[in-house]
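Report on the following structure.
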């Protein structure tokens, strides 16, 4: 009898997706300083979402990121970081729903997702820069659009997840 093996090439353990989710959303919420209470809520929610992805707690944790923008003065770096955290957090939370924690995921399988992430981020970051740098009557640009957009992304994600579960 012969032992057969499946060679998937370079692979990551499935738990990496959950660890990356925690690091991105929890770290992003911590770096953006929405307030200590919100930071604790975000870290606790993303920890629960990483452990139990079907609860949707990871998406709840991403809602804290727009609050960090609303409660702080307008800053280009913070806005760009928030756009990245919300989008990457959504992608990782979605992957955590589909990749079992004990599995291995081939890097080749992540390539299309990574390319879409880069494409969307390149567009979103340009829009964020334009929104912050555009002059307005108050001199602060239209940075208020970033948290609204982030909330819209989270809302669409929740609606789509509920639709998929039906």
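Rule-based calculations on the coordinates, nothing more; no lab input. A quick note: this is a predicted structure, and the numbers were derived from the prediction, not measured. No Cβ is skipped: glycine too gets one built from the backbone with ideal geometry, and neighbour counts run over all protein chains shown.
Just a few scattered comments:
- Selection of first residues in the range 52-70 that are touching a residue at least 12 places away in the same chain (Cβ under 8 Å) and at positive phi and of second residues that are crowded, with 24+ Cβ neighbours inside 10 Å and not in a loop (DSSP other than H, G, I, E, B), restricted to Cβ pairs under 8 Å at least 6 apart or on distinct chains, gives the following pairs, ordered by first then second residue: 56/49.
- Taking the range 13-36 as the range and being farther than 17 Å from residue 72 by Cα and touching a helix residue (DSSP H, G or I) at 6+ places or on another chain (Cβ under 7 Å) as the test, the residues that pass are 17, 18, 20, 21, 22, 24, 25, 26.
- Qualifying residue in the range 89-109 (condition: surrounded by 19 or more Cβ atoms within 10 Å (Cβ to Cβ) and closer than 14 Å to residue 33 by Cβ): no
- If the condition is being more than 15 Å from the chain's Cα centre (by Cα) and not in a helix (DSSP H, G or I), then the range 49-83 contributes 52, 72, 73, 74, 75.
- Against the list (1) touching a strand residue (DSSP E or B) at 6+ places or on another chain (Cβ under 6 Å); (2) buried (at least 20 other Cβ atoms within 10 Å of the Cβ), the condition residue 66 fails is (1).
- Residue within the range 99-108 that is in contact with a strand residue (DSSP E or B) (Cβ under 8 Å, 6 or more places away or on another chain) and in a helix (DSSP H, G or I) present: yes
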